[in-house]
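> Here you go, one structure.
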């Protein structure tokens, strides 16, 4: 079954699909802010100490790439500018 728009597909989808669609931006924001306490500690100490570089550099690269990919899609842009 083909739908003309995403809105039509969501309107005729099961309830769990609609719930996941609506929850995705909030879950994404929560995941984005998960390392915030660690970042606060780094700022307070003015040193990264022995923190691994890979997770934080990966997070920055991921946000940058999604922002470039979604520059014409408002939802992707808003999620990655946070």
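The values are calculated or read from the model by the stated rules, or taken from the named source; none is laboratory data. Bear in mind that the values here come from a model prediction, so they are computed numbers and not experimental data. Glycine also receives a Cβ, built like all others from the backbone with ideal geometry; neighbour counts cover every protein chain displayed.
> Would you check if residue 73 is at pLDDT 85 or above and either on the phi > 0 side of the Ramachandran plot or surrounded by 10 or more Cβ atoms within 10 Å (Cβ to Cβ) (or both)?
So residue 73 fails the test.
> Can residue 17 be described as more than 18 Å from residue 73 (Cβ to Cβ), at pLDDT below 80 and part of a helix (DSSP H, G or I)?
Details: more than 18 Å from residue 73 (Cβ to Cβ): yes; at pLDDT below 80: yes; part of a helix (DSSP H, G or I): yes.
Spelling it out, residue 17 is indeed more than 18 Å from residue 73 (Cβ to Cβ), at pLDDT below 80 and part of a helix (DSSP H, G or I).
> Filter segment 32-58 down to the residues that are loosely packed, with under 10 Cβ neighbours inside 10 Å and assigned to a helix (DSSP H, G or I) and list them by number.
36, 37, 43, 44, 45, 53, 54
> Separate question: Can you list residue pairs whose Cβ atoms sit under 7 Å apart, with the first residue in segment 44-56 being without any contact (Cβ under 8 Å) to a residue 12 or more places away in the chain and the second being outside any loop (DSSP other than H, G, I, E, B) and surrounded by 10 or more Cβ atoms within 10 Å (Cβ to Cβ)? Count only pairs 6 or more apart in sequence or on different chains.
48/42
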